[in-house]
Amino acid sequence: MTRTATSRRLRRIWPNAVAVVLFIGFVFPVYWMFATAFKPTGDIISEDPVWFPTDATFEHFKTAVEAEHFWTMVGNSLTVTVLAVVFSLIIGLASAFALARMRFKGRKGFIIGFMLAQMAPWEVMVIAIYIIVRDADMLNSLVPLTLFYMVMILPFTLLTLRGFVAAVPRELEESAMVDGCSRMQAFRRVILPLLAPGLMSTSLFGFITAWNEFPLVLVLNKEAEAKTLPVWLSGFQTAFGDDWGATMAAASLFAVPILVLFVFLQRRAVSGLTDGAVKG
């Protein structure tokens, strides 16, 4: 084998090796969480790590789902997450269409403002948000969480969908209108089906963001019945103290909706993120 061929092979090997190392680094904590959820308590607290659960048990999952307020938290998380995603898609899609198809004064400033909003860390505004919600007498309510989650994911939704709308040729819309469709009918029948990848990717991003949000609900909702799963997980204890098996089982159940959603939307979501990032 010539030196050139060896060098070419090495150039192909090291990126793959780096990718494998990064993959293991990202996947191992997830594997350890799921594996711990199925291990008997003795294997969890053993000084010698048990890498593979030999005697798998569902006892920790039973402890988690039977814990106080678990299903209430599941309902709260699903409610605020789904509503926030739906509202952000409706508002973001309408705004994206206006930004991509219409020219009006202040349009560029509007886009820059949303970009800045996307860059801003929401944690620095928690105190201001708390004061607003407290003065409105809406603490321990799911309504403020839904609204603020929607505002949190709206910039990404709008900017991504704007790229997709801009990528759809105007001629398709104009042809539909020539054939007798109104502007709304042309949007619904022609443009909307072409935006499916963008809608998938933005909804997935919004769901993950709202589903995992922690600081805001921790500050706004102190009552157990108004909290969401991330806060419940952070303080989950049994009568005997920390139960790591049940905690990992609850965390595994918490991750399942995102995994299912990602598997279901995987192809369209990946293409949506790449297409929306470079178009428009």
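The values are calculated or read from the model by the stated rules, or taken from the named source; none is laboratory data. It should be emphasised that the depicted structure is a prediction, and the values quoted were computed from it without experimental measurement. As a convention, Cβ positions derive from the backbone with ideal geometry for all residues, glycine included, and neighbour counts pool all protein chains shown. What goes into the accessible areas is simple: the full protein's heavy atoms, side chains included, and nothing from ligands, DNA or RNA. Shrake-Rupley method; radii C 1.70, N 1.55, O 1.52, S 1.80 Å.
Can you give me the number of residues within segment 53-64 that are closer than 28 Å to THR228 by Cα, open to solvent by 80 Å² or more (accessible area, probe 1.4 Å) and in a loop (DSSP other than H, G, I, E, B)?
At the first step, the residues of segment 53-64 found to be closer than 28 Å to THR228 by Cα are 57-64.
Restricting the remaining residues to those that are open to solvent by 80 Å² or more (accessible area, probe 1.4 Å) gives 58-59, 62.
From what's left, in a loop (DSSP other than H, G, I, E, B): 58.
So the count comes out to 1.
Which residues, counting only those in segment 209-231, are of a type in the set (A, V, I, L, M, F, W, C) and open to solvent by 60 Å² or more (accessible area, probe 1.4 Å)?
The first filter runs over segment 209-231 and keeps only residues of a type in the set (A, V, I, L, M, F, W, C), leaving 210-211, 214, 216-220, 224, 226, 229, 231.
Residues satisfying the conditions are PHE214, LEU218.
Here ARG189 fulfils each of the conditions (1) out of contact with any Gly (no Cβ under 7 Å at 6 or more places or on another chain); (2) open to solvent by less than 40 Å² (accessible area, probe 1.4 Å); (3) not acidic (Asp, Glu) apart from (2).
So for segment 4-11 (the condition being out of contact with any Cys (no Cβ under 7 Å at 6 or more places or on another chain), among the hydrophobic types (A, V, I, L, M, F, W, C), open to solvent by 70 Å² or more (accessible area, probe 1.4 Å) and at pLDDT 80 or above), does at least one residue qualify? Can you show your working first?
The initial filter retains those residues of segment 4-11 that are out of contact with any Cys (no Cβ under 7 Å at 6 or more places or on another chain), namely 4-11.
Retained after the next criterion (residues that are among the hydrophobic types (A, V, I, L, M, F, W, C)): 5, 10.
Next cut, open to solvent by 70 Å² or more (accessible area, probe 1.4 Å) only: 10.
Narrowing the set further to residues that are at pLDDT 80 or above leaves none.
Within segment 4-11, not a single residue is out of contact with any Cys (no Cβ under 7 Å at 6 or more places or on another chain), among the hydrophobic types (A, V, I, L, M, F, W, C), open to solvent by 70 Å² or more (accessible area, probe 1.4 Å) and at pLDDT 80 or above.
Listed by first and then second residue, the pairs with beta-carbon distance under 7 Å, at least 6 apart or on different chains, first residue in segment 87-99 and open to solvent by 30 Å² or more (accessible area, probe 1.4 Å), second modelled with pLDDT of 90 or more, are PHE87/MET150. Test GLY235 against the criterion of being of a type in the set (Gly, Ala, Ser) and farther than 17 Å from THR81 by Cα, and give yes or no. Yes. Within segment 152-173, the residues that satisfy the criterion of being open to solvent by 40 Å² or more (accessible area, probe 1.4 Å), in contact (Cβ under 8 Å) with a residue 12 or more places away in the chain and farther than 29 Å from ALA210 by Cβ are ARG170, LEU172.
Annotation: SER234 fulfils all but one of (1) modelled with pLDDT of 80 or more; (2) open to solvent by 40 Å² or more (accessible area, probe 1.4 Å); the unmet one is (1). Within segment 22-52, the residues that satisfy the criterion of being open to solvent by less than 60 Å² (accessible area, probe 1.4 Å), of a type outside the set (D, E, K, R) and part of a loop (DSSP other than H, G, I, E, B) are PRO40, SER46, VAL50.
Listed by position, the helices (runs of 4 or more DSSP H) inside segment 65-157 whose residues that are over 23 Å from the mean Cα position of the chain (by Cα) and at pLDDT 85 or above number at least 2 are 126-135.
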